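A short worksheet on the structure shown next.
The values are calculated or read from the model by the stated rules, or taken from the named source; none is laboratory data. Everything numeric in this text was worked out from a predicted model, so none of it was measured. Neighbour counts run over all protein chains shown; Cβ positions are idealised from the backbone, glycine included.
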Amino acid sequence: MNKGKCFIDEESINKALASRIKPSKEEVKDILDKSLAIETLEPNETAALLNVEDRELWLSLAEAAAEVKKKVYDNRIVTFAPLYMGNFCVNNCSYCGFRKDNEVIKRKTLTLEEVKREVEILAGKIGHKRLIVVYPEHPSTGIDYMSATIKAIYDVKTKTKRGCGQIRRVNVNAAPLSVRNLKHLQKVGIGTYQVFQETYHPKTYKAVHPKGTLKSNYEWRLYCMHRALEAGIDDVGIGALFGLYDWRFEVMGLLYHTRELEDKFGIGPHTISFPRLEPAANTPFAQKTKHRVSDEDFKKLITVIRLAVPYTGMILTARESPRIRKETLFLGCTQIDASARIGIGAYSGRYTEQEEERQQFLLGDTRSLDEVVRELAKEGYITSFCTAGYRCGRTGKCIMELLRNGQEGKLCKLNAVLTFKEWLDDFASLKTRIAAEGILRQEIQEIKRELPQVFDNFKQLYERVENGERDLYF
Ligand code: SAM
Ligand code: SF4
């Protein structure tokens, strides 16, 4: 803490939000120039953007957000799938279908055998290389279970059409852990450790997380990324659950969190998530919230996050409908999930797409990875299955630097093309392969033009992938 005070200071956030009513065009331009120089914004600058009302000015914000994304990440979209390990939980969060007192939920924790079966489908049939593994907070899914299941996931290797399917990066979404337990996760080899603060507004936090539950401790949650970085986990993911409190306040909270991590550790968040509250079984709170975020405001909050923290990865989840995902992706999102199922055991089980009483909430987009990749290709995006970064030590401070100066964008393009080709050969339908031909050709031409010094090397690797070799990267 800073002299006993926590870094989220409600009063200064409210003050910053109230201080700059309707900034001028010139003021906005100066701020956008700073975002385009890939610099984290100050609270008063972020508040100024949040206060923009003029439609024309919002359009210039959206254009700048798209340009920042292009500058840092180019036209790549990284894809992953969520894997829920269980739904027993000791907490009672008012908005969540898994809360302890929700009697309609069918509870289950996956065994190691069941985890393997899920991964065989995800890696062997769908072709995912990255997972976000989600754990509720319960003794049955404690640190030993987490370590064993993550190891089990990495161990699964399945035969595919031309090669071998395997999960190469396991990201984790779990309750805040102690430094000791985070060190265990670091040793097992996780990618990003992700925890959402849910709401940065202390009074709202208190109201939705009943007293006496583990989750009711606002500060324990707020400081979990400090502990993760202390434990040696370099890639941390923050987020807020939009719909619990005023969306502008939450964006400011995410910014303050980012600046605090930058100040204390020299590393900002690897990713920022911005889920919106969705309906859940027997959970009236999720439907009646007075802070529901409209589609229009959702677009604004994505735009401002992209501009305020220009280097961070931004995750747009399958909570959103295909239409909203299509309309918001270009505002600066970098990662989406696809073929998502969130019922426990739903990938290998005989459940239907959505079963309310097995899920934490209802999904908005259940399209297959093949369909999503096809749509992205038609829109001019290349789907990246690259997981090279953390396996070559490009994490934490190192990746922040590479992202800021635009180098990561170049390295990633090479790996994006190699992994995209690999996935197309192993898993894509004929329709998707045809849709992807143009973008693949265009990317290879760009590499030839912009990275002539590595082109021969790249070409050799590309041909080896074409001949069936797998997991080649720069
Ligand atoms: N139990 C851990 C925790 O609370 O941190 C693990 C994560 S929980 C299974 C994943 C996230 O789902 C939560 O952090 C919350 O933001 C989100 N979530 C919960 N209920 C939701 C709902 N009704 N709609 C959308 N997202 C929800
Ligand atoms: Fe449990 Fe997480 Fe759901 Fe809260 S949000 S009830 S902690 S699973």
How many of the residues in the stretch 111-145 are within 15 Å of residue 344 (Cα to Cα) and within 19 Å of the chain's Cα centre (by Cα)?
-> 7
Selection count, the stretch 67-113, where residues are touching a Ser or Thr at 6+ places or on another chain (Cβ under 9 Å), under 20 Å from residue 287 (Cβ atoms) and more than 15 Å from ligand 1 (Cβ to nearest atom) | 0
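For every residue, the table says whether it meets (1) more than 16 Å from ligand 2 (Cβ to nearest atom); (2) free of Cβ contacts under 8 Å to residues at least 24 places away in the same chain; (3) surrounded by fewer than 20 Cβ atoms within 10 Å (Cβ to Cβ).
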position: 215; (1), (2), (3): no, no, no
position: 221; (1), (2), (3): no, no, yes
position: 226; (1), (2), (3): yes, no, yes
position: 232; (1), (2), (3): yes, no, yes
position: 235; (1), (2), (3): yes, no, no
position: 240; (1), (2), (3): no, no, no
position: 247; (1), (2), (3): yes, no, no
position: 252; (1), (2), (3): yes, no, no
position: 255; (1), (2), (3): yes, no, no
Can you pull out the residues in the stretch 125-176 that are part of a loop (DSSP other than H, G, I, E, B), within 14 Å of ligand 1 (Cβ to nearest atom) and touching a strand residue (DSSP E or B) at 6+ places or on another chain (Cβ under 8 Å)?
-> 135, 136, 138, 174
Does the stretch 97-111 include one or more residues that are in a helix (DSSP H, G or I) and out of contact with any His (no Cβ under 8 Å at 6 or more places or on another chain)?
-> no
Have a look at 414, 430 and point out the one that is modelled with pLDDT under 95, more than 16 Å from ligand 2 (Cβ to nearest atom) and farther than 18 Å from residue 81 by Cα.
-> 414
Given the structure, is residue 45 surrounded by 22 or more Cβ atoms within 10 Å (Cβ to Cβ), acidic (Asp, Glu) and in a helix (DSSP H, G or I)?
-> yes
Could you tell me which of the residues 474, 455 is free of Cβ contacts under 8 Å to residues at least 40 places away in the same chain and aromatic (Phe, Trp, Tyr)?
-> 455
From the residues in the stretch 57-92 that are surrounded by 18 or more Cβ atoms within 10 Å (Cβ to Cβ) and among the small types (Gly, Ala, Ser), which one is farthest from ligand 2 (Cβ to nearest atom)?
-> 64
Every pair of residues 6+ apart whose Cβ atoms lie under 9 Å, when the first sits in the stretch 25-36 and is without any contact (Cβ under 8 Å) to a residue 60 or more places away in the chain and farther than 11 Å from residue 307 by Cα while the second is assigned to a helix (DSSP H, G or I) and charged (D, E, K, R) = 25/56; 27/45; 30/45
Of all residues in the stretch 177-210 being assigned to a loop (DSSP other than H, G, I, E, B) and either over 23 Å from the mean Cα position of the chain (by Cα) or over 25 Å from residue 8 (Cα atoms) (or both), the one that is farthest from ligand 2 (Cβ to nearest atom) = 189
Taking residue 207 as the residue in question, decide whether it is loosely packed, with under 15 Cβ neighbours inside 10 Å and either over 15 Å from residue 271 (Cβ atoms) or of a type in the set (A, V, I, L, M) (or both).
-> yes
